[in-house]
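The values are calculated or read from the model by the stated rules, or taken from the named source; none is laboratory data. Nothing here was measured: the structure is a model prediction, and the numbers come from that model. Please note: Cβ atoms are built from the backbone with ideal geometry, for glycine as well, and neighbour counts cover all protein chains shown.
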Amino acid sequence: MPDISGFHQLIVFTHIVGVFLFLLAHGVSAGVLLRLRAERDPVAVRTLLDLSARSFGVMGLGFLLWFFGGVLAGFSGNYWTSEGHRWIWASLAVAIAVTGLMTPLAAMHLNRVREAVGIDPKTREVKPDMVVDAAALDAAIMSGRPLLVAAIGLGGVVALAWLMMFKPF
């Protein structure tokens, strides 16, 4: 059997770089979610929303490297099928669960805020003639739960780090 340890290390390295890229870009959106609670100026809100949207490219690249690098590392390290490596299945379940919870919670909230300041959530184009209703903007901003989203994300990162470092089962 050929020695693939160097190849495995390269895949794990790619996986870890993906995690860093994802968390770096994701931190921008998390910061926007938290900052929106204190902002009511429509121009500033639009700027924050634009900043969040601009982080999606790096976030997506990081996610792809992180997720597929982890899956490939599972194969190159023979973790998917060997006994005593259920931690990788738990890691996959945590990643899917956290993504499945955070994405709609954050996206629905940000889309409500986008609509309130005259940004089309699908095209991200600003409706130039729209007059922003302050009460509607406030309601949209207050409709989100950024601390819950942040707690889910942080809990997921801690759980994934624990699973990967300690491989408890």
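In table form, for the structure just shown:
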| item | result |
| --- | --- |
| Conditions (1) touching a helix residue (DSSP H, G or I) at 6+ places or on another chain (Cβ under 9 Å); (2) assigned to a loop (DSSP other than H, G, I, E, B); (3) more than 25 Å from Leu24 (Cα to Cα); number of the one not met by Glu83 | (1) |
| Any hit, segment 134-141, residues being in a helix (DSSP H, G or I), of a type in the set (Asp, Glu), surrounded by 14 or more Cβ atoms within 10 Å (Cβ to Cβ) and at pLDDT 95 or above | no |
| Residue in segment 98-112 that is among the basic types (Lys, Arg), without any contact (Cβ under 8 Å) to a residue 40 or more places away in the chain, under 30 Å from Val131 (Cβ atoms) and not in a loop (DSSP other than H, G, I, E, B) present | yes |
| Close pairs from segment 33-54: first under 18 Å from Gly153 (Cβ atoms), partner buried (at least 17 other Cβ atoms within 10 Å of the Cβ) and among the polar types (S, T, N, Q), Cβ under 7 Å, at least 6 apart | Ser52/Ser29 |
| Unique residue being modelled with pLDDT of 95 or more, under 30 Å from Leu10 (Cα atoms) and in contact with a Gly (Cβ under 9 Å, 6 or more places away or on another chain) when the list is Leu72, Leu65 | Leu65 |
| Residue match in segment 44-59 (condition: more than 21 Å from Thr123 (Cβ to Cβ) and in contact with a Phe, Trp or Tyr (Cβ under 7 Å, 6 or more places away or on another chain)) | no |
